[in-house]
Structures are given as structure tokens and as C-alpha cells.
Protein chains: 2
Amino acid sequence: MTGSIKKHASQCLVAHGLDIFGDRWTLLVLRDMILYGKRRYGEFLEAEEAIATNVLADRLKRLAAEGLVTVSKDPDNRRSNIYTLTDKGLSLMPVIFEIMKWSAQYCDLNERRRKLIARLTAEPDTVMAEIRAREAANENPAETAARLHLLPR
Amino acid sequence: MTGSIKKHASQCLVAHGLDIFGDRWTLLVLRDMILYGKRRYGEFLEAEEAIATNVLADRLKRLAAEGLVTVSKDPDNRRSNIYTLTDKGLSLMPVIFEIMKWSAQYCDLNERRRKLIARLTAEPDTVMAEIRAREAANENPAETAARLHLLPR
DNA sequence: GGATAATGCTTGCGAAAGACAAGTGAATAA
DNA sequence: TTATTCACTTGTCTTTCGCAAGCATTATCC
């Protein structure tokens, strides 16, 4: 493993969360899975933030070790792993939504994003249900993002 | 400055938030301010997670640069700076609450904490209003934490 | 009023983690 | 059966972190 990231060994609930996803990359991988339905190594590499390959491999291992994702082989292509969100991973949706809502207060938003934020604010439970339904259905990323209006542009 | 932490230079709202508080320490400092009402360098050093002095100095500078806190001199002790949350800093309360609620799902909680989480879930707006009121009143940390039942034990 | 202590940092250094480029091995495609 | 794709791993360099020590300013003690 590339790194082992020292844990805070703290009783605090905030610190416990940060032990698991409090670094520069883990939440971005989870964002790709939750918002965009990405499930493959190569898909995560396409993100505009350009995570390094070794760091991505490390974070995926860690996410699996923490039980936020499960790993399986793609039955149609045995080179390819498929990373699937567990309930524990999906339950981070509210954290990600609140980060988005916070940022939205201090950024210029285009129409699309304004609508998305409005929806996350007005009916978060509906959005979460949609995302859970998509996970259950194994829909492909492009369709998903478009259908759920989660794309940034 | 100790570090300058490379930014993601991303359009994404999640990435934008992480550019500001997506490291191992920033949110813990904000937790100390928001939950416990801490306002001085020395108080932050007392946290059980034991932040390094240079990292703390760096994060406080950064928080000020991002407009999440303001810095002033303590009128009663001119050695001491006072770090005060701005509205932008206080508006991170929902993010911190959601992290706590997420962790709470996967940790054993004592009675005190269970009550706190129940309250954060049932009436977050009331808790946020109390915290804002405390900020406005400049109450001291020990009193605050006790009165608002925010202490971990 | 001079020594001592408290406070809030800064500095220096070794260690850990990250960024980048290149390489590897298994599976698939041509 | 050769080439290519995919998912990593490895190696090297740079950045950040952790720790101990030092320093400047203000306050306190005698």
C-alpha cells in the first residue's frame, strides 16, 4: 500500500469520520460513485482533478477495507474490477450534499447547478432514493448523471 | 507558511469545499470552534488529536485567508490572538453535523452522545441557533460545551 | 525594574505521503 | 500470435507532516 495515513485515535465523531474520508481524494472518489455512478478504475482516472494512479489504487483498497465499497470482477471483462457502493458508502450522501450546499453559497452557479442545489435542499430524500435506485439497477454512468441532473455543466 | 496545499482547480462543488477544508486538520480546528467555542491557539493545541504547532499556525492563517475566521488581539492579554468564526465559518455547521451523524451510525455511543445525535437529527436549526447565540455572546469554552451538551463524554 | 514565565508562534530536520513517469502482467482484440 | 487495453505497481522526486527546539512579545513575580 502506498500510504497508511495516521489516524487520530480520537473519541470524537468528527475525527472518526475524518479518519476514513478526511483526505484530499477519498471523498472525490465517493463523489464519482455517488453522483456519477462510476464503478471502474479507469472511470475514476477520467475525473478532472486527475488523481495519481497509485493514490487511486490505495484509496480504493482503503474504501474496501472500511466497508464503503465492495470489489468484484466484471463478468463481461475479467480484466476489470467493479467497485460497488455499500450501504455504508451510500450513507455518506448527506455529507456530500452538505458540502455541495456550502460551496454553492460562495460560488457563482449556472442555471443547471442552481437547480440541482435547490433540489438537494428541497427534497434531499427523493434525490437519495433516486441514487439508491440507480445503484440497485446498475445503470451506466453517463445515463445516470444525465437523468438525475447531477452533471456540473 | 508551512505548506500551500495544491488545489484541485476543479469546477466541482465538492472539490471546491475540499480545497478549503479537505485535509486532516482544518475541520478539527473548526469543530473546536463550533462545538466547543475555542478561540485561542493554546486551546486548539489542547485537543486530544494533538495537532503540530506549525500545522496549527498554518491552518489558522489559511482559515483567515479563506474568510472562515477573523483574527484579533485579546484586549485583556495582548500576547493572545482571538480567532472568531465568521458567518462563512459558522455555515459549515451542517457539514460537521452530518459527519457526526454518519460516524454515529457506525460507532458505539454512550448515552450523552446518543442524546446529542438525536438532537442534531431532530432539531438541527435549534442547535445551530444556540451556537450562533453563543458566538455572539462570547461565552467561554467550558461553559458553552457543558450548557449545549456538546461534550463527547 | 530585572528575572521569570506564559503565549504564540517560527525554524530545522527526518519521515511520510503525494505527483509523475515508466513498467508489468493478465485478459482481450485483431 | 501479435498487439492493445486495463488495472495496477514501482521508482524517483517533491511536498507536506510530525516532532523538538528556539525565539519574540507581553505579562507576572519578587
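The values are calculated or read from the model by the stated rules, or taken from the named source; none is laboratory data. In this text, all values refer to a predicted model and were calculated from it rather than measured experimentally. Note that we place each Cβ from the backbone using ideal geometry, even for glycine, and neighbour counts take in every protein chain shown. SASA here: full protein model, heavy atoms, side chains in, ligands and nucleic acids out. Shrake-Rupley method; radii C 1.70, N 1.55, O 1.52, S 1.80 Å.
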request  = Could you pull out the residue among A:86, A:70 that is away from chain B (no Cβ under 14 Å) and more than 16 Å from DNA strand C (Cβ to nearest atom)?
outcome  = A:70
query = Just wondering, is there one or more residues in the stretch B:60-67 that are under 20 Å from residue A:10 (Cβ atoms) and within 12 Å of DNA strand D (Cβ to nearest atom)?
reply = no
ask   = In the stretch A:73-83, which residue that is open to solvent by less than 70 Å² (accessible area, probe 1.4 Å) and more than 29 Å from residue A:126 (Cβ to Cβ) is farthest from DNA strand C (Cβ to nearest atom)?
value = A:81
ask   = What is the residue count in the stretch B:47-64 for residues that are within 13 Å of DNA strand C (Cβ to nearest atom) and open to solvent by 50 Å² or more (accessible area, probe 1.4 Å)?
value = 3
remark   = residue A:123 passes all but one of the listed conditions (1) closer than 20 Å to residue A:48 by Cβ; (2) open to solvent by less than 90 Å² (accessible area, probe 1.4 Å); (3) modelled with pLDDT of 90 or more; the exception is number (1)
query = Could you count how many residues in the stretch A:97-131 are under 19 Å from the mean Cα position of the chain (by Cα) and either within 8 Å of chain B (Cβ to nearest Cβ) or hydrophobic (A, V, I, L, M, F, W, C) (or both)?
reply = 16
message = Based on this model, can you work out whether residue B:81 counts as away from chain A (no Cβ under 14 Å) and within 8 Å of DNA strand D (Cβ to nearest atom)?
response = no
task = Return a yes/no flag: does the stretch B:12-22 have any residue that is farther than 20 Å from residue A:21 by Cα and modelled with pLDDT under 95.
result = no
note = Sole miss for residue B:19 among (1) touching a Lys or Arg at 6+ places or on another chain (Cβ under 8 Å); (2) open to solvent by less than 20 Å² (accessible area, probe 1.4 Å) is condition (2)
